[in-house]
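Read-outs throughout are calculated quantities, based only on the coordinates presented, and are distinct from any laboratory measurement. Note that the structure is predicted; figures quoted are calculated from it, not measured. Methodologically, a virtual Cβ is constructed for each residue, glycine included, from the backbone with ideal geometry; neighbour enumeration extends over all protein chains shown.
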């Protein structure tokens with residue numbers, strides 16, 4: 001989507017994207033090797049009652065869904081960060097994740113008129129409950145606009 005196509009209040013839905021145990025373990029071995037992410041036997045006896053995905057993996061999946069649904073082909077060139085991030089429930093093998101992104105704010109920067117600023121809230125659900133909640137700011141290069 002181009003920056004001009006985003007509107008305040010607009011909702012973009014992407015997914016579902018199913019998560020499997022092998023990718024949970026592979027991601028965690030590389031980036032977040034805690035037992036509840038990499039060892040199904042230890043995880044079974046732990047606080048979560050089984051293997052769960054790293055929250056960072058959940059963020060990565062959300063980012064992919066956002067790219068596929070809205071950012072690919074846009075003028076997006078990065079982000080200064082998040083207002084907040086909350087992992088509200090664990091992601092487990094077999095979960096099918098869906099992203100619902102709602103545009104909160106859209107504006108041109110007053111100091112840099114070729115900079116588009118988009119604030120949006122991403123909610124990721126596994127079909128039963130929200131597993132990820134964040135508010136992100138995305139930057140768009142509008143230097144090609146007339």
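The figures follow:
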| quantity | calculated |
| --- | --- |
| Residue exposure sequence - 61, 12 - by fewest surrounding Cβ within 10 Å | 12, 61 |
| Two-site FRET efficiency, residue 39 against residue 1, from Cβ-Cβ distance with R₀ of 30 Å, rounded to 0.05 | 0.15 |
| Label assignment, Rg/Rh (Cα atoms, Kirkwood Rh) derived from the structure, set (1) 1.40; (2) 0.96; (3) 1.06 | (3) |
| Shape of the stretch 63-104, Cα gyration tensor, a/c cut at 1.5 | oblate |
| Computed helical MRE - 222 nm, the chain, DSSP H runs ≥ 4 contributing -39500 (n - 2.57), nearest 500 | -6000 deg cm²/dmol |
| Tensor-based shape of the stretch 81-146 (alpha-carbon gyration tensor, a/c under 1.5 rounded, otherwise prolate or oblate) | prolate |
| Estimated inter-spin distance, residue 100 and residue 72, nm [label 7 Å along Cα→Cβ] | 2.4 |
| Rounded tilt (10° steps) of 21-31 against the dominant C-alpha axis of the chain | 70 |
| The stretch 10-59: equivalent-ellipsoid semi-axes (sqrt of 5 x gyration tensor eigenvalues, Cα, Å) | 24, 12, 9 |
| Ordering of 131-137, 21-27 by packing [mean C-beta count within 10 Å, highest first] | 131-137, 21-27 |
| Distant alpha-carbon pairs in the stretch 33-114 (separation over 19 angstrom), percent | 53 |
| Taking 122, 87, 56 and counting other C-beta atoms within 10 Å, the order from fewest to most | 56, 87, 122 |
| Residue order, fewest to most beta carbons within 10 Å, for 84, 31 | 84, 31 |
| Where a label projected 7 Å from the Cα of residue 145 along Cα→Cβ would reach, residues of the stretch 98-139 with amide N under 14 Å | 106-119, 139 |
| Most mobile listed residue (111, 54, 76) in the chain, GNM with C-alpha springs under 10 Å | 111 |
| C-alpha center-to-center spacing [the stretch 33-59, the stretch 93-146] in angstrom | 28 |
